[in-house]
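**Q** Right, I'll just put the structure down here and ask away after.
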Amino acid sequence: MQKKLVIVCLLNFLVAALMGLALRFSFVDAIGINYRFLTHAHSHVAMLGWVYLMLYVCIVHYFVPEKKAIYNRLFWFTQFAVIGMMLSFPFQGYGAVSITFSTLHILCSYYFVYLIWKHHNTKSKVTTLLLRASLLLMLLSTLGVWCLGPAVGLLGKASAFYQIAIQHFLHFQFNGWFLCAVIAIFFHLLNIKDSPLFRRFFKLLVISTILTLAMPVQWFAPHLALIIINALGVVLQVFAIFYFFKLITSQIKDFHNSSSKLLVYSLKFAIFCLVVKSILQVVSIIPEFAEDLYLHRNFVIGFIHLLMLGVITGFLFAFILKNNLITFNKISSLGVYSFLIGFVLTETILLIQGIKFYFGSGLLSNYYLVLFLSSILLPLGVSLILLNTIKHKTHASQTTKTT
């Protein structure tokens with residue numbers, strides 16, 4: 001895994017984390033930047049600069065034995081698009097410049113899918129199926145983006161069509177492309193073999209991902225059928241999680257014995273967050289709660305962060321640690337633990353305040369200040385991990401063989 005590319009991904013993550021911190025501070029005092037514009041910048045840099053590019057690096061590292069120069073060139077071209085979004089979104093929101101760079105990123109992702117589909121080489125049916133599913137779900141997610149223009153032109157930004165298009169993109173990015181990709185890499189590291197058990201897990205994972213799109217659609221086009229479809233998807237997802245644990249139980253013990261404690265904790269944390277995510281989706285089956293969920297932004301933000309920072313980032317940190325890209329010392333430990341503690345604190349505060357809003361009992365004492373102070377631990381943790389990675393003199397240069 002190329003160290004310089006991982007450093008770029010971590011730098012993007014740090015910028016996104018600092019933007020998130022500024023958003024939290026804006027409720028404490030004025031920051032002089034449009035909140036909505038900065039929110040767009042924060043989400044795009046976090047998703048496309050950190051998660052997307054880090055998955056790019058991992059997928060090329062693990063699944064492309066012959067490293068062609070095109071992958072490096074495409075990485076830097078995609079990073080150029082990220083920088084463009086990073087600099088334009090805070091000042092114009094969705095404008096000509098930011099939309100141009102966003103479109104460029106999507107076109108880069110299409111070319112990436114083409115290259116990986118053509119060049120990936122693994123004898124494992126497990127990783128092949130998961131990798132291809134993640135790429136297809138990424139392509140599927142972008143249909144939502146292409147619908148935004150017609151939605152605005154025909155019905156306007158306040159229309160259900162426009163909002164559903166956004167939710168379509170986010171759902172298949174988070175629950176589809178991102179989640180399937182990290183599971184593909186995780187199963188590759190565990191050397192999970194093809195079996196009827198895996199096939200059941202894979203089918204349930206994909207089907208439940210498609211069906212649970214009904215939940216965000218229901219927010220803007222309420223219908224009993226959508227609640228039923230989401231409930232079916234959640235039930236299938238619970239079975240998928242059950243099969244997930246059956247698949248990894250035997251292999252993960254050996255993996256833990258040969259890995260550092262920091263790596264093991266990151267993996268356990270990611271898996272724990274995956275379970276919590278599934279439990280929360282089970283709660284969403286309750287019709288009264290499902291109908292009101294979108295109205296309480298704390299729940300929505302908390303759930304997005306649970307998936308992005310808890311599950312996806314937890315796995316990505318583990319992959320970085322697995323490749324010996326950092327020195328295992330007090331700085332690396334402090335970095336990882338600061339991030340995880342900051343995540344737990346902010347999620348807890350968001351949850352408690354969301355519950356209070358739901359029952360109409362007002363704000364927590366000094367809510368915005370406490371949330372901001374807790375959020376400082378997130379960019380602090382990323383900074384320490386980044387610093388450790390930059391200072392680390394040697395790292396694993398040998399690609400893990402595909403099996």
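The values are calculated or read from the model by the stated rules, or taken from the named source; none is laboratory data. Nothing here was measured: the structure is a model prediction, and the numbers come from that model. Virtual Cβ from ideal backbone geometry, glycine too; neighbours counted across all protein chains shown.
**Q** Considering each of Leu55, Leu14, Leu10, Leu18 in turn, give the residue that is modelled with pLDDT of 95 or more, under 20 Å from Gly176 (Cβ atoms) and assigned to a helix (DSSP H, G or I).
**A** So the residue among Leu55, Leu14, Leu10, Leu18 that is modelled with pLDDT of 95 or more, under 20 Å from Gly176 (Cβ atoms) and assigned to a helix (DSSP H, G or I) is Leu55.
**Q** When only residues in the range 185-204 that are in a helix (DSSP H, G or I) and touching a residue at least 60 places away in the same chain (Cβ under 8 Å) count, which is nearest to Val51 (Cα to Cα)?
**A** Looking at residues that are in a helix (DSSP H, G or I) and touching a residue at least 60 places away in the same chain (Cβ under 8 Å), I get Ile185.
**Q** With the requirement that a residue be without any contact (Cβ under 8 Å) to a residue 40 or more places away in the chain and of a type in the set (Phe, Trp, Tyr), what does the range 1-52 give you?
**A** The answer is Tyr35, and nothing else.
**Q** Additional query: Could you tell me whether Leu307 is more than 18 Å from Ser374 (Cα to Cα) and in contact with a Phe, Trp or Tyr (Cβ under 6 Å, 6 or more places away or on another chain)?
**A** Answer is yes for this residue.
**Q** Starting from residues that are over 17 Å from Val276 (Cα atoms) and surrounded by 19 or more Cβ atoms within 10 Å (Cβ to Cβ), keep the ones in the range 232-253 and report whichever is modelled with the highest pLDDT.
**A** Here the residue is Leu247.
**Q** Considering only residues that are modelled with pLDDT under 95 and farther than 24 Å from Leu104 by Cα, which ones fall in the range 129-155?
**A** Leu154, Leu155
**Q** Only one of Phe77, Phe89 is touching a residue at least 12 places away in the same chain (Cβ under 8 Å), in a helix (DSSP H, G or I) and surrounded by fewer than 18 Cβ atoms within 10 Å (Cβ to Cβ). Can you tell me which?
**A** Selected residue: Phe77, the only one of Phe77, Phe89 that is touching a residue at least 12 places away in the same chain (Cβ under 8 Å), in a helix (DSSP H, G or I) and surrounded by fewer than 18 Cβ atoms within 10 Å (Cβ to Cβ).
**Q** While we're looking at this one, here's another question. Select from the range 254-263 the residues that are crowded, with 17+ Cβ neighbours inside 10 Å and not polar (S, T, N, Q) and write down the one among them that is farthest from Leu189 (Cα to Cα).
**A** Leu262
**Q** Is it true that Ala41 is of a type in the set (Gly, Ala, Ser), part of a helix (DSSP H, G or I) and either within 28 Å of Lys391 (Cβ to Cβ) or touching a strand residue (DSSP E or B) at 6+ places or on another chain (Cβ under 8 Å) (or both)?
**A** The answer is no for Ala41.
**Q** Looking at this structure, is Thr100 in contact with a helix residue (DSSP H, G or I) (Cβ under 9 Å, 6 or more places away or on another chain) and surrounded by fewer than 15 Cβ atoms within 10 Å (Cβ to Cβ)?
**A** Here the answer is yes, as Thr100 does meet what is asked.
**Q** What about Trp50, is it surrounded by fewer than 16 Cβ atoms within 10 Å (Cβ to Cβ), among the aromatic types (Phe, Trp, Tyr) and in a helix (DSSP H, G or I)?
**A** no
**Q** Determine whether the range 361-368 contains at least one residue that is surrounded by 20 or more Cβ atoms within 10 Å (Cβ to Cβ) and modelled with pLDDT of 90 or more.
**A** Looking through the range 361-368, none of the residues is surrounded by 20 or more Cβ atoms within 10 Å (Cβ to Cβ) and modelled with pLDDT of 90 or more.
**Q** Being within 17 Å of Ala46 (Cβ to Cβ) and touching a residue at least 60 places away in the same chain (Cβ under 8 Å) is the filter; apply it to the range 296-310 and report the residue that is surrounded by the most Cβ atoms within 10 Å (Cβ to Cβ).
**A** Applying the filter and picking the extreme gives Leu309.
**Q** Something else now. Have a look at Leu143, Leu154, Leu135, Leu130 and point out the one that is in contact (Cβ under 8 Å) with a residue 60 or more places away in the chain and either surrounded by fewer than 19 Cβ atoms within 10 Å (Cβ to Cβ) or aliphatic (A, V, I, L, M) (or both).
**A** When all the criteria are applied, what remains is Leu130.
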